[in-house]
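Okay, structure first, notes after.
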Amino acid sequence: MKTIDLRSDTLTRPSRPMREYMMYAEVGDDVFAEDPTINQLQSMIAEMTGKEAALFVTSGTQANQISINAHTQPGDEVICDYNAHIFNYESGAAGMLSGVQLHPVTGRNGHPTVEQIEAVIRPFDDHYPQTKLICLENTHNRAGGTVFPIEQIAAVAELVEKHRLKMHLDGARLWNAAIATGLKIADYAQYFDSVALCFSKGLGAPAGSIIAGSKEFIKRAHFYRKACGGGMRQAGILAAAAIYAVENHFELLKRDHEHARLLAEALNDCPGISVNMEQTKTNIVIAELTDGRMTAEEMVEKLAGEGILVFPFSPVKVRFVTHLDVSRAAIEEAVTIIHKLFGQGK
Ligand code: TLP
């Protein structure tokens, strides 16, 4: 049986042309900042984000955690969304590695509002941790790949300025937000002190993420990257894959979004399954099971029986992610299977 793997966009494998591009990359010792391909990637992303500098790191988790570390002191508090990746899926690293406390608020579609954030910013008092950093996520994974409205980001940035805080963006999938809205990466990045971007999600590189910010911030990030074992030496071959991915796969995300839309429409048409069509604009689809006829585990099992792999996100939610390695034909096949398994026409 052929498998259609929709568990995550992290599953993409480097294509032959990407591997060939990697093969000829010039490399050097990156801990000494002497890898020309990594330097090229860092300059490219600094320019793309409109920031002074950028730093290549191993993963999205490392990008976020280095940024949190560089912006805070132990004991500080970091405000984020309740469903944020940094709160749910980074192994408690913010507490473990930076000694900070996360303060989650339940944002709208994963996106905290100014009012929600302002309500939990701590005044100075011996009893309280000090609020230091706001972390936003765009697109928002657990909320279903939702795009953070840029006006709302601008309003949060104003609040951050007013309270002299810092703001970090988990932009693992900012690429998808840019494609979905037609805005530039820099349009979003301008509001943040630091931005994390991943190459190994929808863009299809085998590994690697990057953080961008001021020279001063990147200097601290460089120190902490070394301290947490992220100095990678001749990793220019990975940076080459990232350059190839940005140059050749960024625009292709549009196709993933169309595929996600087809899946979302099919799922939303099934009795007992609901998808927030208004918010489904990128490559993630969350199917919500609304009438108790099936649990998320059962849905995942039924789909696996037909070769479609997906993840349960809660007892009543299942996540589908489209990506570079899933063709239009595979999506059409998945739609047929979904209709066969779960019915059609609510
Ligand atoms: N997300 C993974 C899992 O960890 C859930 C996935 O399959 O979606 N920020 C966001 C918004 C992410 O979705 C992820 C990965 C990361 C950061 C971490 O990236 P890596 O896996 O490179 O550490």
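To the nearest 0.05, how large is the calculated FRET efficiency for Q73 and E278 if R₀ is 41 Å and r is the Cβ-Cβ distance?
My answer for the efficiency is 0.50.
Here K166 is the anchor, and the lysines within straight C-alpha reach of less than 28 Å, apart from those fewer than 8 places off in the same chain, are K51, K132, K184, K201, K215, K219, K226. Reported to the nearest whole Å, the Cα centre-to-centre distance from the range 1-78 to the range 142-198 is 18.
Excluding ligands, DNA and RNA, the accessible surface per residue across the range 13-249 is 42 Å² with a 1.4 Å probe.
How much accessible area per residue does the range 252-342 have, counting only protein heavy atoms and a probe of 1.4 Å, in square angstrom? Intermediate values should be presented prior to the final figure.
On the way: 3890 Å² over 91 residues.
Per-residue value: 43 Å².
Quick one: putting +1 on the C-beta of Lys and Arg, -1 on the C-beta of Asp and Glu, what dipole do you get for the chain around its Cα centre, in Debye to the nearest 20?
340
For the chain, C198, C228, C270 have no disulfide-compatible partner, since no other Cys C-beta lies under 4.7 Å from theirs.
Rg over Rh for the range 252-342 works out to 0.93, both radii taken from alpha-carbon positions and Rh defined as the Kirkwood radius.
Express the carbon and sulfur contribution to the solvent-accessible surface of the range 202-346 as a percent, rounded to the nearest whole number, probe 1.4 angstrom. So the carbon and sulfur contribution to the accessible surface is 53 percent. Annotation: the antiparallel percentage among DSSP beta bridges lying fully within the chain is about 55. About the centre of its Cα atoms, the range 165-302 shows a dipole size close to 980 debye [charges on the beta carbon of Lys, Arg (+1) and Asp, Glu (-1) only; nearest 20 debye].
Cross-link partners for K302 among the lysines, with Cα-Cα distance under 23 Å and sequence neighbours closer than 8 places in the same chain left out: K2, K317, K340, K346.
Taking the Cα centre of the range 252-342 as origin and charging only Cβ (+1 Lys, Arg; -1 Asp, Glu), how large is the dipole, in debye to the nearest 20? It would help to have the intermediate numbers written out before the result.
Numbers: 10 positive and 14 negative charges, 42 e Å.
Charge dipole of the range 252-342: 200 debye, to the nearest 20.
Remark: spin-label model distance D125-M1 equals 5.7 nm, labels positioned 7 Å along the Cα→Cβ axis. Taking the C-alpha atoms only, the angle from helix 253-268 to the longest principal axis of the chain is near 40 degrees.
If R0 is taken as 35 Å, the Cβ-Cβ distance between D325 and T290 corresponds to a FRET efficiency of 0.70. Classify the chain: rounded, prolate or oblate, from the alpha-carbon gyration tensor (a ≥ b ≥ c, eigenvalue square roots; a/c under 1.5 rounded; otherwise prolate if a/b is larger than b/c)? Oblate. Each label point was placed 7 Å from the Cα along the Cα-to-Cβ direction; for E247 and S214 their separation is 3.3 nm. Of the solvent-accessible surface of the range 1-62, computed with a 1.4 Å probe over protein heavy atoms with every protein chain present, carbon and sulfur atoms account for 50 percent.
The values are calculated or read from the model by the stated rules, or taken from the named source; none is laboratory data. The structure displayed is predicted, hence computed values, not measured ones. Cβ atoms come from the backbone with ideal geometry, glycine included; neighbour counts cover every protein chain shown. Ligands, DNA and RNA are excluded from the accessible area calculation, which covers all protein heavy atoms including side chains. Shrake-Rupley method; radii C 1.70, N 1.55, O 1.52, S 1.80 Å.
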